[in-house]
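The values are calculated or read from the model by the stated rules, or taken from the named source; none is laboratory data. Note that the structure is a prediction, hence the values are computed from the model and not measured. Glycine also receives a Cβ, built like all others from the backbone with ideal geometry; neighbour counts cover every protein chain displayed.
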Amino acid sequence: MSGAETAPRRLLLVAAVALVDADGRVLLARRPPGKAMAGLWEFPGGKVHDGETPEAALIRELREELGIDTEQACLAPFTFASHAYDDFHLLMPLYVCRRWQGTATPLEGQELAWVRPLRLRDYPMPPADKPLIAMLQDLL
């Protein structure tokens with residue numbers, strides 16, 4: 001192995017959620033210009049801060065990014081992604097949420113799309129998100 005393959009990468013913990021509406025559609029958010037992986041679609045969520053649980057991070061991120069409120073009891077742990085990017089390793093628990101208050105509104109310049117599970121592959125996603133699609137399609 002070369003040194004690059006064995007060099008430790010920073011571990012980044014990001015919590016994400018598949019918001020599922022009454023019609024069985026999943027909300028995707030498009031990363032805005034200026035952010036890493038701009039233009040790719042992803043499940044809403046964000047970085048887990050020090051001392052914060054993944055559930056608390058999601059509740060905070062959903063309020064900040066989409067203007068919706070939910071509670072921990074509405075966040076069902078579903079699966080996770082573990083993916084090595086060039087400069088960090090992403091660990092991303094994915095939750096499913098079917099209950100929240102408010103209307104999802106793009107508050108940080110992102111574009112939103114409610115997508116039928118069978119159409120999720122039509123949206124270009126970051127490498128870590130892609131393996132989650134098949135599991136969501138099986139669930140929904």
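A few points about this structure:
- Test for Pro131: is it in a helix (DSSP H, G or I) and under 30 Å from Pro8 (Cα atoms): yes
- Residues located in segment 56-77, provided they are under 15 Å from Pro106 (Cα atoms) and not in a helix (DSSP H, G or I): Gly67, Ile68, Asp69
- Taking first residues from segment 38-64 that are over 22 Å from Pro117 (Cα atoms) and modelled with pLDDT under 95 and partners that are part of a strand (DSSP E or B) and of a type outside the set (Gly, Ala, Ser), the Cβ contacts under 9 Å between residues at least 6 apart in sequence or on separate chains come to Ala38/Arg30.
- Members of segment 65-93 that are of a type in the set (D, E, K, R), closer than 22 Å to Trp114 by Cα and in contact (Cβ under 8 Å) with a residue 40 or more places away in the chain: Glu65
- Filter pass, Ala104 being modelled with pLDDT of 95 or more, in a strand (DSSP E or B), over 20 Å from Arg10 (Cβ atoms) and over 13 Å from the mean Cα position of the chain (by Cα): no
- In segment 120-140, the residues that are among the charged types (D, E, K, R) and either surrounded by fewer than 12 Cβ atoms within 10 Å (Cβ to Cβ) or more than 17 Å from Ala18 (Cβ to Cβ) (or both): Asp122, Asp138
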